[in-house]
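Any read-out appearing in this document is the output of simple, stated calculations on the displayed coordinates, not a laboratory observation. Please read all numbers here as calculations on a predicted model, not as lab measurements. Because the Cβ atoms are built from the backbone with ideal geometry, glycine has one as well, and the counts that use them run over all protein chains shown.
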Amino acid sequence: MPQSQKPMPSSPSTTPSKPPKSLQAKIFYSIFGLVAGVEIAIFGLFFLAAEMIGQKWAYEHLELESKKLITQMHNTDYLAFWAQYPYRISLITEEGVVIYDNTISAVDLDNHKDREEVQMALAIGKGYIERKSTNTLYKALYYASYLPEYRLILRVSMNQRDIYAFLLPILGYMAILLIITLLLSTIITSYLTRSIIAPLNNLSALDAKKFRAPYRELVPFFYKIIAQRKQLKKQLKIIRRQQQQFQAISQNINEGLVLIDTKKHILSYNTKAKELLPTLESSSSSVQGTPSTDLVQDIFAFIDLFSPQIQTSELQIQDNHIECIALPIWGKLKPKAFVVLLLDRNEKNQIHAMRKEFSANVTHELKTPLSVIMASSEMMRQGLIPQKDFMLFFDKIYDECKRLLEIINDILKLSFFDEGGEKLESSVVNVYEVAQRVVCSLAPLAAEKELRVQIVCDDQASCTIRAVARLLEDMLYNLCENAIKYNNQQGSLEICISTGEFDPRAIKDFTHITPSLALPIGQDTATIMIKDSGIGIPESEQKRVFERFYRVDKSRSKKLGGTGLGLSIVKHIAIYHNAHIFLRSNADLQSSDRGSEILVVFAR
């Protein structure tokens, strides 16, 4: 995948859609609304029933009071008693004339012959009605009874608010009961809602083999989801495959690659682009969805000038010269985005200089043994060498021929890696066994210096990696040979092999020789450490010792032999296996831990 990926900013004209309604809330309010409505309706019916009961009680009470009043009419002072009575009392003649009223002056009252309660009392002996009083303007209940011995109608009335005063305690209890039932309904409804929604919330995966719809009505819907999920999986596989292909292409090309849209948003870039423009990551991620505001603006300025005639430009950032090539991604009539290729002119110049230096070194290294061979042969041919010294010169010619073949073989190995030769067959290799073979091969050389050679392995059987066995053996041979050649007399050489999860703290003080590879943090690895007690490498020289023909001490290197290509081959073999090389060395003559440690880490 590209090094950085930014989401496309939304169009400013796009209005955000309303959030979807909550199914849980909808179910809750539906159930609660229904239950609350039923409860309120029931309590309303109870209230109406209570009102009817209160009204019936009022009529019965008025009838009872009317009978009491009739019995009091035999007393001479009954009118004085009636004047203090809590209910309105009226005496009406058969003609409807009000002759007495304890609330309103009878003179001010009109004829009551047309009153319904009066007509009923005249017709059947008693009458009752609920209506608004035309005189008091209050709604009241009237009860009238006919008194034949007096040829009068006794009417007793009660204000309706007196009934409500009677019902008020009942209404209070009913209100409290209503509130309690509503609270209980809320709790029960909430529980029911959660129990209905819980099976839907607990759906962690829609697997066709383990499919269990929580409700029968959802089965068709779930089958649609499963079908869409399968289709989505297929599409995601295609997208991942395309991303992997893009990653493989973008991360392995030698040029920097930056993808920019027409609004100058950096969509992606590869590792090489980040190397060429170190501020690329910070500028593209400083504010998500906004253009960069630093040196990367030079690229944006170039994009603004893009035309079929202007497709290339050259940027200079500090001492770096970078050539930009813009490749548009066309929409209907105009570019939708640009692929910008960044070519490092400095790197090309460095490669050219390195090739030139390599050619000069190869010429020098080949010329030296050839000159010795030619001079010795010429002297022998001219008879300038005594017969007794012939074997000495033959040995010299043999040694130089051997050295010449070593140089040629090493150059061929490097050429194989440089040209990216065909992939060699790899297999599971036991590193401990390879180390044993290398130590046996170099035993005579180690014996000359009386070195203590030791192989340390935490688990000999499990110290395996997938590698090209021949290349792995060449790597260990070159590392151990160097450690022996540049070691001190009666020194030590230790080969430590271990496996386990890679810990970055273990390489804290080491120089990373292969920084272009990503560290295998958290991965299972196999580690080979070559530790010697030799002359050490100065810190300023440590990064260069893996270059071709580079020697720290040229005079000593010539004396010890070798082509000067061994460590360069080691580095190429490591890169071929995606392995990392780390170096730590101490060249201080006064130090007790003088020597070098080379760490090779293979991901397993």
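For region 147-198, what class follows from the C-alpha gyration tensor (a ≥ b ≥ c being the square roots of its eigenvalues): rounded when a/c is under 1.5, otherwise prolate if a/b is larger than b/c, else oblate?
Values: a/c = 9.15, a/b = 4.90, b/c = 1.87.
Because a/c hits 1.5 or more and a/b exceeds b/c, region 147-198 counts as prolate.
What does the charge dipole of region 425-603 about its Cα centre add up to, to the nearest 20 debye, if the Cβ of each Lys and Arg holds +1 and the Cβ of each Asp and Glu holds -1? Working shown, then result.
On the way: 20 positive and 22 negative charges, 153 e Å.
Roughly 740 debye, rounded to the nearest 20.
Collect residues whose amide H, placed 1.01 Å from N in the peptide plane, falls under 5 Å from the amide H of LEU267; neighbours closer than 5 in sequence don't count.
Answer set, sorted by chain and number: LEU259, ILE260, ASP261.
Along the Cα→Cβ direction, 7 angstrom out, place labels at MET379 and SER22. What is the inter-label distance in nm?
10.0 nm
Measuring from centroid to centroid over Cα atoms, what is the spacing of region 106-140 and region 472-505 in Å?
Each part reduced to its Cα centre gives a spacing of 125 Å.
If I take the Cα coordinates of region 22-198 and project them onto the principal axes, what are the three extents in Å, biggest first?
Here the Cα extents, ordered largest to smallest, are 81, 28, 28 Å.
How would ASP532, ASP395 line up from fewest to most surrounding beta-carbon atoms within 10 angstrom?
Numbers: ASP532 28, ASP395 11.
Going from sparsest to densest Cβ surroundings: ASP395, ASP532.
Please report, in debye to the nearest 20, how large the charge dipole of region 22-198 is about its Cα centre when each Lys and Arg carries +1 at its beta carbon and each Asp and Glu carries -1 there. Provide the component values of the computation, followed by the final result.
Numbers: 15 positive and 17 negative charges, 146 e Å.
It works out to roughly 700 debye.
Which value in nm describes the separation of the simple spin-label points at ARG229 and LYS132, placed 7 Å from the Cα toward the beta carbon?
6.9 nm
Mind sorting GLU501, GLU51 by how few other Cβ atoms lie within 10 Å of their own Cβ, fewest first?
Details: GLU501 10, GLU51 16.
Arranged by neighbour count, lowest to highest, GLU501, GLU51 become GLU501, GLU51.
Can you work out ³J(HN,Hα) from phi for every residue in region 371-378, in order, using Karplus 6.51 cos²θ - 1.76 cosθ + 1.60 and θ = phi - 60°, giving whole Hz and x for Gly and Pro?
Each residue of region 371-378 in turn: 5, 5, 4, 5, 5, 5, 5, 5 Hz.
Within a 10 angstrom radius of the beta carbon, how do TRP57, TRP330, TRP82 rank from fewest other beta carbons to most? Please list the in-between numbers first.
Values: TRP57 13, TRP330 9, TRP82 19.
Ascending number of Cβ neighbours within 10 Å: TRP330, TRP57, TRP82.
Across bins of 5 angstrom width beginning at 0, how are the C-alpha pair distances of region 425-603 distributed, in whole percent?
1, 8, 17, 22, 22, 17, 8, 3, 0, 0
Residue farthest toward the positive end of the dipole of region 22-198, with Cβ of Lys/Arg at +1 and Asp/Glu at -1: which of LEU183, ALA25, ASN102?
Projecting each Cα onto the dipole axis, the largest value belongs to ALA25.
Counting only residues 5 or more places away or on other chains, whose amide H sits under 5 Å from the amide H of THR525 once H atoms are built in the peptide plane?
GLY500, GLU501, PHE502, ARG604
If each of MET52 and ILE521 carries a label point 7 Å out from its Cα toward its Cβ, how far apart are those two points in nm?
Using points 7 Å along Cα→Cβ, the separation is 8.2 nm.
Any chance you could run the full-extension gain for ALA443 through ALA123? It's 0.36 nm times the residue separation minus the Cα-Cα distance, nm to one decimal.
100.8 nm
Go through PRO515, VAL600, SER462 and say which Cα lies farthest out towards the positive end of the charge dipole of region 425-603; charges sit on Cβ, +1 for Lys and Arg, -1 for Asp and Glu.
PRO515
Pull out the extension gain between ILE325 and ARG240, defined as 0.36 nm times the separation in residues minus the alpha carbon to alpha carbon distance; nm, one decimal.
Numbers: separation 85, 0.36 × 85 = 30.60 nm, distance 2.77 nm.
Net length gain for the segment: 27.8 nm.
Would you mind checking which residues have amide H under 5 Å from SER492's amide H? H placed 1.01 Å from N; only 5 or more apart, or other chain.
Amide H neighbours of SER492, under 5 Å, 5+ apart: ARG452, SER533.
Quick one: 3J(HN,Hα) in Hz for region 463-479, Karplus 6.51/-1.76/1.60 with θ = phi - 60°, rounded, Gly and Pro as x.
7, 10, 9, 8, 7, 7, 4, 5, 5, 4, 5, 4, 4, 5, 4, 5, 5
Given the Cα-Cα distance of LEU333 and ALA41 and 0.36 nm per residue of separation, how much length would full extension add, in nm?
My answer for the length gained is 98.3 nm.
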